[in-house]
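Novice: Structure incoming, see below.
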Amino acid sequence: MAADDVELVRRAFEAFSRGDFDTAFADFSADVEWSMSTDEPDARTHRGIAAVRRFVDSLADPWANRFSDVMQFEPLIDRGDAVVVPWTARVAGRESGIVLDVNETYVVTLRAGKIVRVEEYRTTEEALRDP
């Protein structure tokens, strides 16, 4: 993976964290696939930029601060065929105010300078283990 690709992923997900989806998705392929973690209650793969945007919009619903720059990124890992993006966040329930610490890792695949796939994992170890 080229250093430019790692930087592209960094910029896209920093924008994502701020809720700046126009910037975040500018580097996503029109036919991108976003696969949710298998332990999600409604785990599935969202196909196409419109479906991914609808999915991301739904992420904000239960949280008061989901896209308020609360994601803290650990160093990105160049896996050769993809970029591993570990992150943590502290989010608060919109109605309940309950605070929850979230740890997740994305594996981001690029082709021709565009993000073509995002896979969610609960841990960095799991993301690095999966081929």
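Novice: Tell me which residues, restricted to the range 20-36, are surrounded by 15 or more Cβ atoms within 10 Å (Cβ to Cβ) and farther than 24 Å from VAL70 by Cβ.
Specialist: Going residue by residue through the range 20-36, those that are surrounded by 15 or more Cβ atoms within 10 Å (Cβ to Cβ) are 20-21, 24-25, 27-29, 32-36.
Matches in the range 20-36: SER29, GLU33.
Novice: Can we say GLY19 is more than 25 Å from GLU126 (Cβ to Cβ) and among the small types (Gly, Ala, Ser)?
Specialist: yes
Novice: Also, quick follow-up: Considering only residues of the range 1-19 that are over 11 Å from the mean Cα position of the chain (by Cα) and small (Gly, Ala, Ser), which is most open to solvent (accessible area, probe 1.4 Å)?
Specialist: Pass one, the range 1-19, residues over 11 Å from the mean Cα position of the chain (by Cα): 1-8, 11, 18-19.
Add one more test, that the residue is small (Gly, Ala, Ser), and what stays is 2-3, 19.
Numbers: ALA2: 53, ALA3: 81, GLY19: 31 Å².
Among residues in the range 1-19 that are over 11 Å from the mean Cα position of the chain (by Cα) and small (Gly, Ala, Ser), the one most open to solvent (accessible area, probe 1.4 Å) is ALA3.
Novice: Take the range 1-36 and flag every residue that is of a type in the set (S, T, N, Q) and modelled with pLDDT under 90.
Specialist: Filtering the range 1-36 for residues of a type in the set (S, T, N, Q) gives 17, 23, 29, 35.
If the condition is that a residue be of a type in the set (S, T, N, Q) and modelled with pLDDT under 90, then SER17 is the only one that fits.
Novice: So, one more: List every residue pair whose Cβ atoms sit under 8 Å apart, with the two residues 6 or more apart in sequence or on different chains, where the first one lies in the range 43-71 and is at negative phi and the second, anywhere, is among the aliphatic types (A, V, I, L, M) and modelled with pLDDT under 75.
Specialist: Short answer, once both residue conditions are applied: ARG66/ALA60; PHE67/ALA60.
Novice: Report yes if LEU100 is of a type in the set (A, V, I, L, M) and touching a helix residue (DSSP H, G or I) at 6+ places or on another chain (Cβ under 9 Å), otherwise no.
Specialist: For LEU100, the condition - of a type in the set (A, V, I, L, M) and touching a helix residue (DSSP H, G or I) at 6+ places or on another chain (Cβ under 9 Å) - is not met.
The values are calculated or read from the model by the stated rules, or taken from the named source; none is laboratory data. Being a predicted model, the structure only gives us computed values, none of them experimental. For neighbour counting, all protein chains shown are included, and Cβ atoms are generated from backbone atoms with ideal geometry for every residue, glycine included. The accessibility values were calculated without ligands, DNA or RNA, using every heavy atom of the protein model including side chains. Shrake-Rupley method; radii C 1.70, N 1.55, O 1.52, S 1.80 Å.
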